[in-house]
Amino acid sequence: MRLSLQNMMEESKFVQLSVQEKEAIDRRISLYNFILQQVTDAIVLVKDDGTFVDVNEAACRLFRASKEQLLQKNFYEYAYLVPEHIFHFQRQMLHKFGTYDDELIIRLADGEIKHVQLFMRRYNEQPFNLYMIRDITSKKVLERERTINETLFKDLFNRAGDGIVIFDEQGRFIDANPSFCASVNVSKEELFKLSIQTFIPIEYYGLFEQLLLTLKRTGTVSSELPFILGDGMQKLFELTLTANVHSGFFMAIMRNVTEKRSMEMNLQRSEERFRAIFEQAHEAILICDDFGNILRANPAASRTFELPLHDLVHANLMQFIDAKDEKVRHVLRQFFRDGEIRDELTFHMPNGEKKQLEFTSKKGVINGYHLTIFRNVSERRKMEKQLREQEQKFRNVFNHAMDGIVLMDNEQRIFDANPVACRIFALSKKQLMEKRLHTFIGSNDLHKFQMWLNNGEEEEQFTITDGEGKKKIVELSFKPNIIEHVGLMMVRDITEKKEMEEQLRKSDTLSVVGQLAAGIAHEIRNPMTALKGFIQLLQGSIGNDCEQHNMYFHVIMSELKRIESIITEFLVLAKPQAVHYERGDVAKIMQETVDLLSVQATMHNIQIEATYEPVPPIYCDSKQLKQVFINILKNAIEVMPKGGTITVSVAHVAEGVRISVRDEGSGIPKDKIKKLGEPFYTTKERGTGLGLMVSYKIIEEHQGRIDVESEVGVGTTFYITLPIDNDMR
């Protein structure tokens with residue numbers, strides 16, 4: 001019993017001890033659970049296949065799932081972004097060494113990516129592994145940002161256009177970017193052997209020390225300092241100094257402003273020059289805004305717009321112009337569309353005066369405002385109007401002058417001509433302006449023309465050849481240098497005047513000849529009748545026995561007949577003849593004349609070849625026409641002493657009936673053709689000229705004309721043209 005009780009007491013002590021141990025174990029487990037749940041890192045128990053065995057609250061927060069949800073998951077579901085060979089390698093390391101640490105990327109159920117640090121521990125006694133997982137996503141973001149910032153800083157430092165240099169309190173260089181090395185013309189290796197004071201002129205040391213004191217006090221300072229470069233040149237730099245950028249060092253950002261300051265000085269001088277030009281310019285200058293408000297004006301503008309300067313500056317440009325005027329609206333539209341304009345408008349001044357102002361406007365050239373320069377052209381426009389009126393008067397006189405007017409330069413080049421001159425020269429104005437005046441003068445008169453032109457004589461007559469090849473007689477007068485290098489030539493066509501004078505001279509000669517012929521015919525015809533009668537009586541009394549006497553009588557009678565024929569021709573000129581006009585066949589009249597003279601022609605070894613075309617009858621006096629044909633044919637026979645051929649033709653032409661008689665005589669010089677038909681002018685040795693004179697008169701009375709063509713050594717052709725319809729009925 002005692003033994004039993006003792007055993008029971010021992011058992012009771014053992015039970016008490018077991019309970020105490022259990023309580024201690026429970027307390028410890030509870031403590032471990034408390035610690036496990038309170039730690040900030042996620043702790044999970046994971047089987048080898050990745051199945052979650054247990055997790056703490058930090059793990060639930062990390063994976064954003066409840067404990068129950070996680071225990072139904074597999075760790076590899078969150079780490080599926082990690083390649084399989086990485087997991088295989090991690091398991092090998094874990095089994096081999098019992099521990100392994102690494103960084104992983106997990107993806108949560110909502111798709112968020114997290115960077116985690118994984119601490120893996122293996123216990124051989126347990127069928128699971130302990131994973132401690134720490135969220136390092138924020139750390140990775142910070143590291144990434146720091147890496148980016150460092151990269152950007154280095155890139156900015158090396159690529160910056162401005163010079164950047166880091167130096168210590170003694171001025172020794174710690175680092176410098178390529179721009180600074182290039183700006184001071186010193187390599188980076190050489191730069192580290194120098195200090196920043198090396199580049200500062202001695203007289204600026206004090207200023208640099210003050211900048212450093214201010215820098216230490218305020219942390220940043222800016223200024224301008226000259227630097228002596230490696231090649232000895234001195235340039236002005238703009239500095240921005242910053243303190244404690246890294247380990248107590250200073251950083252300076254430097255920019256070469258030498259050219260900028262030079263440009264600013266040049267700009268300042270330009271502004272001063274602009275101000276001087278603006279104030280002293282003779283033209284009015286205004287600066288306006290978009291609404292026409294005048295912001296600035298020079299003294300010349302005050303005089304132009306008839307307002308004191310202070311009143312003009314507070315005025316609006318639109319109050320000087322008529323805004324309703326269509327041209328004004330067009331000018332404003334064009335200005336705002338193109339940004340510039342040059343035009344002219346009428347401006348209304350406050351004193352009621354109107355001024356014509358020419359202006360040039362530029363949009364936005366003075367700090368966004370518009371610049372306009374005005375010039376008063378009222379007087380010039382008035383003078384231009386007067387000049388245009390005078391020009392119009394001159395042009396009217398020039399174009400409507402009765403004589404031709406030609407303007408030419410010193411080389412006789414024609415650059416203007418009035419219509420009369422164009423008609424005289426038979427050329428259009430454009431064609432005439434391509435010519436020189438001396439080209440119209442004949443070669444025989446060219447020297448005379450040049451001498452007359454140089455001497456400047458008043459008037460002179462010349463023969464010209466116009467654009468159609470016709471000869472004309474013109475009277476020229478020349479006035480040199482009416483304006484500089486411009487001469488004026490007056491041209492008057494006196495061809496008709498000369499022809500009328502010639503006809504008048506012939507008419508006067510014919511009148512005198514007619515009066516003389518009447519007296520001579522009356523005074524000679526009576527003695528001639530007596531002589532002729534007594535010679536016939538004398539011839540009858542002597543008889544026909546003496547041949548010698550008969551020859552004398554024959555000669556005397558033939559000469560008396562010639563005198564009688566001359567007297568008869570005189571009488572044609574002396575008094576009007578009783579002419580009877582009736583329709584006649586010109587071809588038949590010419591044929592009768594040829595038949596009449598054919599014997600005489602044969603005696604002189606001359607053949608007459610005649611061609612007669614059918615021609616309509618005309619009103620004429622057949623006897624007078626026959627006399628004309630006889631005169632011309634006889635002349636043709638007489639000019640061919642060695643014989644030859646006379647060609648006669650009668651043809652119907654547009655002007656009427658044309659008769660031509662061509663001989664093979666010696667021909668007539670051109671200067672003598674015009675004299676044919678004049679009284680007593682003849683080319684024959686024994687001729688009187690009365691035959692052709694009478695012939696011209698007869699053809700003229702028939703309203704026809706005689707034309708002559710001749711070539712010396714070849715022959716002469718007379719053309720007689722008679723109209724079909726005339727008033728001879």
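The table that follows gives values for the structure above.
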quantity: log10 of Debye I(q)/I(0), alpha-carbon scatterers only, for the chain at 0.07, 0.10, 0.11 Å⁻¹; calculated: -0.91, -1.16, -1.24
quantity: Spacing of the two label points (7 Å from each Cα toward its C-beta) at Ser187 and Asp325, in nm; calculated: 7.5
quantity: D (Stokes-Einstein, µm²/s), Kirkwood Cα radius, the range 39-154, 0.692 mPa s at 37 °C; calculated: 217
quantity: Dipole-positive endmost among Val615, Pro419, Gln37 within the chain (Cβ charges, Cα centre); calculated: Gln37
quantity: Cα gyration tensor, the range 352-429 - rounded (a/c under 1.5), prolate or oblate; calculated: prolate
quantity: Theoretical ellipticity at 222 nm over the chain - DSSP helices of four or more residues, -39500 (n - 2.57) apiece, nearest 500; calculated: -15000 deg cm²/dmol
quantity: Of Lys435/Lys471; Lys470/Lys497; Lys588/Lys642, those spanning more than 27 Å from alpha-carbon to alpha-carbon; calculated: Lys588/Lys642
quantity: Dipole of the chain [Lys/Arg +1, Asp/Glu -1 at C-beta], most positive-end residue of Asn367, Asn56, Ile482; calculated: Asn56
quantity: Anisotropy class of the range 281-382 from Cα gyration tensor, a/c 1.5 cut; calculated: rounded
quantity: Length-normalised contact order of the chain in % [C-alpha pairs under 8 Å, at least 6 apart]; calculated: 4
quantity: Hz values of 3J(HN,Hα) by residue in the range 355-366 - Karplus curve (6.51, -1.76, 1.60), Gly and Pro given as x; calculated: 10, 8, 10, 9, 9, 10, 10, 10, 8, x, 8, 10
quantity: Estimated inter-spin distance, Met402 and Lys497, nm [label 7 Å along Cα→Cβ]; calculated: 0.9
quantity: Estimated dipole of the range 281-382 in Debye, rounded to 20 [Cβ of Lys and Arg +1, of Asp and Glu -1, Cα centre]; calculated: 200
quantity: Using alpha-carbon coordinates, inclination of helix 326-338 to the longest axis of the chain, degrees; calculated: 50
quantity: FRET E, pair Thr529, Glu468, Förster distance 51 Å, beta-carbon r, rounded to 0.05; calculated: 0.35
quantity: Gain in span if fully extended, Glu434 to Arg61, counting 0.36 nm per residue against the direct Cα distance; calculated: 123.5 nm
quantity: Segments 195-207, 389-401 sorted - mean Cβ within 10 Å per residue, highest first; calculated: 195-207, 389-401
quantity: Förster radius 56 Å - calculated FRET efficiency between Asp49 and Leu229, Cβ distance, rounded to 0.05; calculated: 0.15
quantity: Amide H contacts of Ile646 (H built 1.01 Å from N, under 5 Å, at least 5 apart or other chain); calculated: Gln607, Ile608, Glu609
quantity: Considering only the chain, percent of DSSP beta bridges that pair antiparallel, nearest 5; calculated: 95
quantity: Packing rank of 475-488, 135-148, where each peptide gets the mean count of other beta carbons within 10 Å, highest leading; calculated: 475-488, 135-148
quantity: Per-peptide average of other Cβ atoms within 10 Å, ordering 35-46, 633-644 highest first; calculated: 633-644, 35-46
quantity: Only Lys, Arg (+1) and Asp, Glu (-1) charged, at Cβ; the chain dipole about Cα centre in debye; calculated: 940
quantity: Crossing angle, helix 446-455 versus the chain [Cα axis fit, 0-90 degrees, rounded to tens]; calculated: 70
quantity: Helix 547-574 vs. the chain, principal-axis angle (Cα, 0 to 90°, nearest 10); calculated: 50
quantity: Non-local Lys pairs in the range 39-154, i.e. 8 or more apart or on different chains, that have alpha carbons under 20 Å apart; calculated: 7
quantity: Net +/- balance of residues flanking Gln268 in space, Cβ distance below 15 Å, scoring K and R +1, D and E -1; calculated: +1
quantity: Computed FRET value (nearest 0.05) for Met551 with Met603, which takes r as the C-beta separation and R₀ as 30 Å; calculated: 0.95
quantity: Total formal charge among the other residues, if their Cβ is under 11 angstrom from that of Gly98, Lys/Arg +1 and Asp/Glu -1; calculated: +3
quantity: Summed side-chain charge close to Thr304 - residues other than Thr304 whose Cβ falls under 10 Å, Lys, Arg +1, Asp, Glu -1; calculated: +1
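Bear in mind that the values in this text are calculations on the coordinates, not laboratory data. Model, not experiment: these values are computed from the prediction. Heads up, the Cβs are rebuilt from the backbone with ideal geometry, glycines too, and the neighbour counts pull from every protein chain shown.
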